[in-house]
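Trainee: Take a look at this one; I'll ask things after.
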Amino acid sequence: MKKIFYLASIAVAALVMGCTSGEEGGEIQQEEYTPATVSVEPSALNVAKTKGATATATVTSDSEVLSAEVDYSAASWLSAKLEGTTLTVTTTAANTQPAARVGVVHISAGEGINTTTIDVTVTQALEDEIAPTLALGAKEAKLGGAEAALAIISYESNMTDVTVAVAEDGKAWLKAEKDDKNITLTALSANESDAERSTTVTVTAKNTKGTAISETIAVTQDKKAAEGTIAIGATVEGGVLFWISEDGKKGKVLYPYGEKKPWSPKVINGASADVAEAIDPEDGTVNVAAMKAFATANSVDFAATFPAAAYCDNIAGGGWYLPARKELVALFEAYNGTKAEEATEDNHENITAAELAARTAFEGYILACAADGTILDPKKGTGDSAFSSTQASATNAWVIRWGKYMETKDNTGKHSNSRYARCIKVVNL
């Protein structure tokens, strides 16, 4: 028994000694943190405007591991290489921009955690004389006689320094503004005279050397409308006039507010939501009457079953209804300033200047009617859409989209909460 204990003790001692030896022999050697030193002289380089222009700098470091990398933002026009301690930068494209441009080259020295990186800036000179260009979408603009009447004219230039100036004789009644693609002309007051009034707007593009090019827009504002004249955009009986009959005696107006409402549920009393008589393309009152008859025949509440139509039906004063599909098309045409088939098939930001002017003006009509009114479109992407009262199928209703214009009956589920109810009514003029 003592012999066994003795042998076990020797084994444990040997094991302990073995572990101790292993730890000493296998000790983890941590990498020493000693950052490499690096400097570049000069640290800012200038190169000529032409392709193939070069400049050099000297790199000093305590490490033999060196590299140079052009920042991605300048990779289209600049390259860099290191040969020994000499950094050479080369332009791969001429500078045709209207201003000098600056790139960055990252210089790294060392390896692993000891790597140090510094930046060298490279400025490519401005072209001596880049001739400015300027093209206007139109050189004439005609405004309506009312205050806030406007026109929008597109322009293109290779310069960022573009200005617009109204001539002295028009400063009292006309404002000119620009963004990066359009010039907006707005009447500051109504033309109360019995004759048109006119002025000019000068558009100027200038380069950094001071060379400029100018174009002139001839602007005319209509004379004051005859007493009693009613035009598209007028506020009539609490709505915005968007359609006038050929004899001028009838009109249709848009309620200035709108809300997102479903057309109907997917099913009504466990059955199909098919309102077979609500298919009139021209007259929304026919379709709303069919919905009311359906509600009575099926013993369901009209307001709860047809929220979009009920929203219009409940507007104070009465006479408002959810428009039929062609009535919504007529509203779009007043809004866009074109026939529906002539509308630009693109998102709002890509429509023509003329369409933009028409839409902006119509938004003004809505806000003139009600300062907190609901405009038709948010002016981005494909835009908002509205239900018509015209049924397309048991599950879909005809829809009009305002931004990227579309009249459709496909994938337009009646139960959707994402489409607006926009209400109209017929008025006497």
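Trainee: Among the helices (runs of 4 or more DSSP H) lying completely within region 211-324, list those that include at least 2 residues that are hydroxyl-bearing (Ser, Thr, Tyr). Explain how you work it out, then say what you get.
Mentor: On the way: elements: 284-297, 302-305, 307-313.
Answer list for region 211-324: 284-297.
Trainee: Within region 37-56, restricting attention to residues that are within 40 Å of the chain's Cα centre (by Cα) and outside any strand (DSSP E or B), which residue is modelled with the lowest pLDDT?
Mentor: Per the criteria, the residue is THR50.
Trainee: Additional query: Can you name the residue in region 219-248 that is more than 30 Å from the chain's Cα centre (by Cα) and among the aliphatic types (A, V, I, L, M) and is also surrounded by the fewest Cβ atoms within 10 Å (Cβ to Cβ) among such residues?
Mentor: Restricting to residues being more than 30 Å from the chain's Cα centre (by Cα) and among the aliphatic types (A, V, I, L, M), the top hit is ALA226.
Trainee: Go through (1) closer than 30 Å to LYS266 by Cα; (2) crowded, with 17+ Cβ neighbours inside 10 Å; (3) out of contact with any Leu (no Cβ under 6 Å at 6 or more places or on another chain) for GLU282 and report which single condition fails.
Mentor: Against the list (1) closer than 30 Å to LYS266 by Cα; (2) crowded, with 17+ Cβ neighbours inside 10 Å; (3) out of contact with any Leu (no Cβ under 6 Å at 6 or more places or on another chain), GLU282 comes up short only on (2).
Trainee: For region 40-66: of the residues being out of contact with any helix residue (DSSP H, G or I) (no Cβ under 9 Å at 6 or more places or on another chain), surrounded by 14 or more Cβ atoms within 10 Å (Cβ to Cβ) and small (Gly, Ala, Ser), which is nearest to THR96 (Cα to Cα)?
Mentor: Ranking the candidates gives ALA48 first.
Trainee: Also, I was wondering about something else. Could you please let me know if THR344 is in contact with a Ser or Thr (Cβ under 8 Å, 6 or more places away or on another chain), assigned to a loop (DSSP other than H, G, I, E, B) and assigned by TED's automatic domain parsing to the domain that holds LYS249?
Mentor: Criteria met by THR344.
Trainee: Right, something else. Scan region 375-401 residue by residue and report those that are part of a loop (DSSP other than H, G, I, E, B), crowded, with 17+ Cβ neighbours inside 10 Å and not charged (D, E, K, R).
Mentor: Within region 375-401, ILE375, LEU376, GLY383, ALA392, THR395 meet the criteria.
Trainee: Suppose we filter PRO256, PRO307, PRO323 for residues that are under 30 Å from LEU188 (Cα atoms), outside the structural domain of ASP161 (by TED's automatic domain parsing) and in contact (Cβ under 8 Å) with a residue 24 or more places away in the chain; which single one remains?
Mentor: Answer to the check: PRO256.
Trainee: Anything in region 151-180 that is touching a residue at least 40 places away in the same chain (Cβ under 8 Å), part of a loop (DSSP other than H, G, I, E, B) and in contact with a strand residue (DSSP E or B) (Cβ under 7 Å, 6 or more places away or on another chain)? List them, or say none.
Mentor: Those that are touching a residue at least 40 places away in the same chain (Cβ under 8 Å), part of a loop (DSSP other than H, G, I, E, B) and in contact with a strand residue (DSSP E or B) (Cβ under 7 Å, 6 or more places away or on another chain): MET159, TRP173.
Trainee: Do the conditions hold for ALA135, that is, is it within 36 Å of the chain's Cα centre (by Cα) and not hydroxyl-bearing (Ser, Thr, Tyr)?
Mentor: Yes, satisfied.
Trainee: Another one. All but one of (1) modelled with pLDDT of 95 or more; (2) closer than 15 Å to SER264 by Cα hold for ASP274; which doesn't?
Mentor: Of the numbered conditions (1) modelled with pLDDT of 95 or more; (2) closer than 15 Å to SER264 by Cα, the odd one out for ASP274 is (1).
Trainee: OK, next. So ALA75 clears everything in (1) over 30 Å from ASP194 (Cβ atoms); (2) buried (at least 16 other Cβ atoms within 10 Å of the Cβ) except one condition, right? Which one?
Mentor: For ALA75, the failing item is (2).
Trainee: Further question: For region 415-427, how many residues meet the condition of being within 21 Å of GLU259 (Cβ to Cβ), over 26 Å from the mean Cα position of the chain (by Cα) and surrounded by fewer than 24 Cβ atoms within 10 Å (Cβ to Cβ)?
Mentor: 2
The values are calculated or read from the model by the stated rules, or taken from the named source; none is laboratory data. All values derive from a computational prediction rather than experimental measurement. Cβ atoms come from the backbone with ideal geometry, glycine included; neighbour counts cover every protein chain shown.
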